[in-house]
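The values are calculated or read from the model by the stated rules, or taken from the named source; none is laboratory data. Please read all numbers here as calculations on a predicted model, not as lab measurements. Cβ placement follows ideal geometry from the backbone for every residue including glycine, while neighbour counts extend to all protein chains displayed. Side chains are part of the model used for accessible areas, which takes the heavy atoms of the whole protein and leaves out ligands, DNA and RNA. Shrake-Rupley method; radii C 1.70, N 1.55, O 1.52, S 1.80 Å.
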Amino acid sequence: MKKVILGIFILICLGWIVFFSLETLGVSNSFDPTELFGEKDEQVIIINRQSEIPPGSLEELSGIPCEELYNDLNDSSFHQCFISINQPHMLLLNRSGWDVIKVDRLFKTFEIKNLIESQGTFEVGNYRGRYFKQGLYLTKKGFVITESNNWEPLHDKKASASVVKLNSRTAVTDIYLKGVNRFDYITKADSLLNSVQVDDEELFSRFISNEILSYHFYERDYFAALDSTYLNGPMYEWLNQGFVIVETRAGRSIICDYVAGQDPILNLREKEQNDTSNVFSTRLTSSFPEENSNYQIDYLEDLVVISEKRIVIDQLLADAKLGKTISNNEILRNRLYENLPHLVSERFANPKKAYSRAVYNGNILVAKTNQARIDNSIVQKQSYSMNVAAGIIDFETLPGEGNVICSDNTNNISLFLNGIKEWSKSLNAEVEYIQPLDIYANGEPIICAQTYNKLFVLNQKGKNIGRFPIELENEITSKITFYRWKGSGYFVFGTNDGKAHVYDMQGREIRVMKIGINATRQIDAWASQGRLFYGFANASSFYMYDFDNRKMHRNFKLNQTCVSGRIPNEIYQYFLTENKLFRYDQKGTKIALTNIPNGTILKIFDENKNPILVVKSANEIKLINSQGIEIGSVIIPFNEVSDVDIAFTDNGKSLISIIDGLENNVYLYRVGGDALLTKPLEGQQKVILETFGANKKITTIVDQFIIQYIEN
């Protein structure tokens, strides 16, 4: 009996040992995150609410080793997840415990393999999994757990997610979903930045261009803790509240305020012992300017704008003058300010993301939005502001956007490409005309410019072509005409000795013709019955010259200065007198076409051998074809017209752009229809209207700037 009792006692002891061992194993396999994750992980992301953190919504999950596995998890398959940001392992917790069914349904597309229920093990992709009670632990094959540093999970379990930094001083950032595409971040750390919060919208939005590519605001003292160069530099001394770093297509700039009584330009001049220049080299931050670079500075209302490129400053000043600012662009203003807190220590936005930071009560509050999910661009409309830095005489556009050639009152011509000045060249005399000409018929315009006695033909690098420039003994009296005849290109123009000159594309003289008058109107060149003719005209006469037979074909008197228009095998002369529109044919026969009360010919568009006259009659602009028939009109709310231009859409609709000469505003109309702009654009002197696809390109002048608006 004693032996039986002893045996029972031994069995009880063995059972207790087995039970104790299993329980101990269970504790070990409960997968305590503080034992699984350590310093080599650098950071652990804790997902508390999977439904609030869908794939692609949280920046911190992008590019981590387990990203693909996490993105494939089925919704509500766990109540909490711990993911290493640096190593290939993660832990999933399920309150009701894991079993074969739950494991099998864990992923959307990944297949569970080699599932052994008795051991709680399985494989998925390149990962091995183990589960026991509430914990399921996934590691990449070959991964070995390292020793933990026994950190404490002090995160807020009510947060959508948390990020725990596992370094010598553990820091926790709790992340809260605050609406569509916005997360707020609150960081608890041992040491925090010293900063106040600033309403940067109130400070900067009325002055900064609405065509920026990125925006980065820093409060004065907040940035001092981030950049020692700035802290010990001159900008920290003059700043009042803060500064913005903006990126434009042309480059970057700093825009900042300054304390009353301080003058940033004078401060820098004194520091560099420079009495007059606005070009400086003193470092303002650790990254501005770039090594061995200088920068310029200029005033922008009560702010200053600083950049390594003058073109950036010029564009920002022009946009501020035109009112093309953030505050006047509701979409951009909302993206920058409405989706984030108003009072901040830092704010950043570009087309892909936006965030703000502010120090509150010992915490750093970070708010983030995913701009790419809101819209694919921070820029609503594109336009170009090109600073000629002199009085503009004339300009012409080139194919593409922001491509312009211009002349100014300092005898220079300048080329802008993509809105940026490529070069400027002095012609040492007043530039009378400029025009881009496709002389090689390859879609790459060559630049033709003329002074009183010189003709320049330049490539897009500003280099002379062939024997150009041509210098003449007499003054050039007409705008240069370029034409093609029998496969070759030629230039023809008149001089004040009653002659006309013909040159080929290389600048070689082909012919000099004595015509008996000074041709003051641009010379016409056209073909009639297979023969080439020139038309020479001044205010009172028209001469028709037969080029092939080297003789004058006919001539006749004109009542007054006319405009010419070509149709197949024919050229017409148009003029207005006594409220009637008249036309001469090339034989000199005059006929009355139509009545136009108080009419004025503004322009003739002589393209594709289908001339269109633009005529003003009181407050109506009429379009009239070669036969004198009105083909459309618009009523305008002003009397003084400085310039007009017309263009045609892909579906054949006529558009017209008109400058109000008193108010210096540019209007855009559909011929026979309504105004196409909700409010006019600023512009003066000249306008060029072009269409491409569904967009319109309107180029004009504002003071010393050429402005090119892109309108939908």
Do we find a residue being modelled with pLDDT under 95 and of a type in the set (Ser, Thr, Tyr) anywhere in the stretch 650-660?
yes
Conditions (1) open to solvent by less than 30 Å² (accessible area, probe 1.4 Å); (2) over 25 Å from the mean Cα position of the chain (by Cα) -> THR699 fails only (2)
Residue that is open to solvent by less than 30 Å² (accessible area, probe 1.4 Å) and under 33 Å from the mean Cα position of the chain (by Cα), where the choices are ILE621, ILE658, ILE596, ILE612
ILE658
Is it true that GLY599 is in contact with a Lys or Arg (Cβ under 8 Å, 6 or more places away or on another chain) and closer than 21 Å to THR561 by Cα?
yes
Among (1) under 28 Å from LEU322 (Cα atoms); (2) touching a helix residue (DSSP H, G or I) at 6+ places or on another chain (Cβ under 7 Å), the one test that LEU268 misses:
(1)
Could you tell me how many of the residues in the stretch 74-89 are modelled with pLDDT under 90 and either assigned to a strand (DSSP E or B) or crowded, with 17+ Cβ neighbours inside 10 Å (or both)?
2
State whether one or more residues within the stretch 476-486 are open to solvent by 40 Å² or more (accessible area, probe 1.4 Å), over 21 Å from GLU396 (Cα atoms) and in contact with an Asp or Glu (Cβ under 6 Å, 6 or more places away or on another chain).
no
Of the residues in the stretch 274-285, those that are at pLDDT 90 or above and either more than 19 Å from ALA224 (Cβ to Cβ) or exposed (fewer than 12 other Cβ atoms within 10 Å of the Cβ) (or both) come to VAL279, PHE280, SER281
What pairs can you find where one residue is in the stretch 389-407 and on the phi > 0 side of the Ramachandran plot and open to solvent by 20 Å² or more (accessible area, probe 1.4 Å), the other is outside any strand (DSSP E or B) and not hydroxyl-bearing (Ser, Thr, Tyr), and their Cβ atoms are less than 9 Å apart, with a gap of 6+ or different chains?
ALA389/ARG310; ALA389/ASP314; ALA389/GLN704; GLY400/ASN418
Residues of the stretch 129-145 satisfying the condition of being in contact (Cβ under 8 Å) with a residue 12 or more places away in the chain and more than 48 Å from the chain's Cα centre (by Cα)
GLY129, ARG130, TYR131, PHE132, LYS133, GLN134, GLY135, LEU136, ILE145
Condition first: open to solvent by less than 50 Å² (accessible area, probe 1.4 Å), over 30 Å from ARG467 (Cβ atoms), at pLDDT 95 or above and over 46 Å from the mean Cα position of the chain (by Cα). Can you find one or more residues in the stretch 509-518 that meet it?
no
Selected residue (criterion: least open to solvent (accessible area, probe 1.4 Å)) from residues of the stretch 210-264 that are of a type in the set (S, T, N, Q), closer than 23 Å to LEU343 by Cα and not in a strand (DSSP E or B):
ASN210
Just checking, does the stretch 630-637 include any residue being farther than 24 Å from ILE596 by Cα and open to solvent by 20 Å² or more (accessible area, probe 1.4 Å)?
no
Sole exception among (1) within 21 Å of SER657 (Cα to Cα); (2) of a type in the set (A, V, I, L, M, F, W, C); (3) buried (at least 20 other Cβ atoms within 10 Å of the Cβ) for PHE605, by number:
(3)
Reported set for the stretch 672-690 where residues are open to solvent by less than 40 Å² (accessible area, probe 1.4 Å) and either without any contact (Cβ under 8 Å) to a residue 60 or more places away in the chain or farther than 19 Å from PHE638 by Cβ (or both) is GLY673, LEU677, LEU681, GLY683, VAL687, ILE688, LEU689
With VAL457, VAL431, VAL404 as the choices, which residue is farther than 30 Å from VAL312 by Cβ and hydrophobic (A, V, I, L, M, F, W, C)?
VAL457
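Every residue, every condition in (1) modelled with pLDDT under 95; (2) closer than 22 Å to ASP314 by Cα, yes or no:
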{"residue": "ASN210", "(1), (2)": "yes, yes"}
{"residue": "ARG220", "(1), (2)": "yes, no"}
{"residue": "ALA225", "(1), (2)": "yes, no"}
{"residue": "ASN232", "(1), (2)": "yes, no"}
{"residue": "ILE245", "(1), (2)": "no, yes"}
{"residue": "ARG249", "(1), (2)": "yes, yes"}
{"residue": "GLN262", "(1), (2)": "yes, no"}
{"residue": "LEU266", "(1), (2)": "yes, yes"}
{"residue": "GLU270", "(1), (2)": "yes, no"}
Give the stretch 474-521 a look and list any residue that's assigned to a loop (DSSP other than H, G, I, E, B), within 24 Å of LYS557 (Cα to Cα) and of a type in the set (A, V, I, L, M, F, W, C), or say none.
ILE480, ILE515, ILE517, ALA519
Given the condition of a type in the set (Asp, Glu), open to solvent by 30 Å² or more (accessible area, probe 1.4 Å), at pLDDT 90 or above and outside any strand (DSSP E or B), answer yes or no: does some residue in the stretch 90-100 qualify?
yes
Taking the condition among the charged types (D, E, K, R) and either in contact with a Ser or Thr (Cβ under 7 Å, 6 or more places away or on another chain) or in contact (Cβ under 8 Å) with a residue 40 or more places away in the chain (or both), does ASP643 pass?
yes
Please verify whether the stretch 531-547 includes one or more residues that are closer than 18 Å to ARG484 by Cα, among the basic types (Lys, Arg), more than 45 Å from the chain's Cα centre (by Cα) and in a strand (DSSP E or B).
yes
Before we move on, is GLU123 among the acidic types (Asp, Glu) and more than 18 Å from CYS81 (Cα to Cα)?
yes
Tally time: how many residues in the stretch 404-436 are assigned to a strand (DSSP E or B), under 15 Å from ALA389 (Cβ atoms), out of contact with any Cys (no Cβ under 6 Å at 6 or more places or on another chain) and not aliphatic (A, V, I, L, M)?
11
Selection from the stretch 330-353 of residues open to solvent by 10 Å² or more (accessible area, probe 1.4 Å) and touching a residue at least 24 places away in the same chain (Cβ under 8 Å) yields ILE331, ARG333, ARG335, ASN339, PRO341, HIS342, LEU343, PHE348, ASN350, PRO351, LYS353
